Amino acid sequence: MNRFAKKFFQSTVISGLALSLFSASAIAADEKDFSGRIGVVNSERIFKESNMAKASQTKLQSEFAKREKDLRDDAQKIKTAAERLDKDAAVMSDTDRVRRQRELADADRELQRKQREFTEDVNQRSFEERSKIAQKANQALKAVAEQRKLDLIVQEAAYVNPKIDVTEDVIKALNNLR
């Protein structure tokens, strides 16, 4: 390493250390002043365990059940037709075999298109339902924060002491909202 690069590296490291020490001391000073109460919530549990989430899941399943069944039926028809073609291919004329292969390929492409549309529709509706739940969950979250006199609620922490986990309270509050 040449002298210039060495000197630049040393000054950068020293500046970085000084900035880190300054930041750490500023954070420590702020922490001394902060005497607030903190709660933690697991939003994924809310989206799975709340009554609203369960009702939403049931609603989505019933809304898309017929289309899902139709897609499964279409896939089974294509599979049966492909098996029949494999079995009959040896005794068919080349023209008939090619025509049926083309028909199968077209039917498969159409099925894939329908499956993509179905997946997009399911994802869109799921997003809409999750948004409704999130909106109500935020109301419940605020109510729990006020009730417990919390200054801060954090979502999805790496570690949560059970004493500060308010997820169950938020689910109960959400279940009581109308």
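The values are calculated or read from the model by the stated rules, or taken from the named source; none is laboratory data. All values reported here derive from a predicted model rather than from experimental measurement. Here the Cβ positions follow ideal geometry from the backbone for every residue, glycine too, while neighbour counts run over all protein chains shown. Note: areas computed on protein heavy atoms with side chains; ligands, DNA, RNA excluded. Shrake-Rupley method; radii C 1.70, N 1.55, O 1.52, S 1.80 Å.
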Legend entry - Which listed residue is farther than 26 Å from Leu174 by Cβ, open to solvent by 90 Å² or more (accessible area, probe 1.4 Å) and among the β-branched types (Val, Ile, Thr), from Thr95, Thr80: Thr95
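For the structure I just gave you, tell me whether Arg125 is open to solvent by 80 Å² or more (accessible area, probe 1.4 Å) and at pLDDT 95 or above.
Answer is no for this residue.
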Inset, instruction - For the stretch 25-37, state whether one or more residues are open to solvent by less than 70 Å² (accessible area, probe 1.4 Å), farther than 30 Å from Leu141 by Cα and modelled with pLDDT under 90. - result: yes
Inset, instruction - For the stretch 147-155, indicate whether the set of residues that are outside any helix (DSSP H, G or I), in contact (Cβ under 8 Å) with a residue 24 or more places away in the chain and of a type in the set (S, T, N, Q) is non-empty. - result: yes
Inset, instruction - Among residues belonging to the stretch 151-163 that are hydrophobic (A, V, I, L, M, F, W, C) and open to solvent by less than 60 Å² (accessible area, probe 1.4 Å), point out the one that is nearest to Arg37 (Cα to Cα). - result: Ile153
Inset, instruction - May I ask you to list the residues in the stretch 137-150 that are surrounded by 18 or more Cβ atoms within 10 Å (Cβ to Cβ) and closer than 14 Å to Ser43 by Cβ? - result: Ala137, Ala140, Leu141, Val144
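So that you can scan it fast, the table gives a plain yes or no per residue for (1) under 18 Å from the mean Cα position of the chain (by Cα); (2) on the phi < 0 side of the Ramachandran plot; (3) at pLDDT 95 or above:
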position	(1), (2), (3)
Glu110	no, yes, yes
Lys114	no, yes, yes
Thr119	yes, yes, yes
Lys149	no, no, no
Asn161	no, yes, no
Leu174	no, yes, no
Legend entry - Enumeration of residues in the stretch 39-58 that are exposed (fewer than 15 other Cβ atoms within 10 Å of the Cβ) and touching a Lys or Arg at 6+ places or on another chain (Cβ under 9 Å): Lys48, Lys54, Gln57
Inset, instruction - Give the residues of the stretch 119-150 that are small (Gly, Ala, Ser) and over 16 Å from Leu177 (Cα atoms), sorted by residue number. - result: Ser126
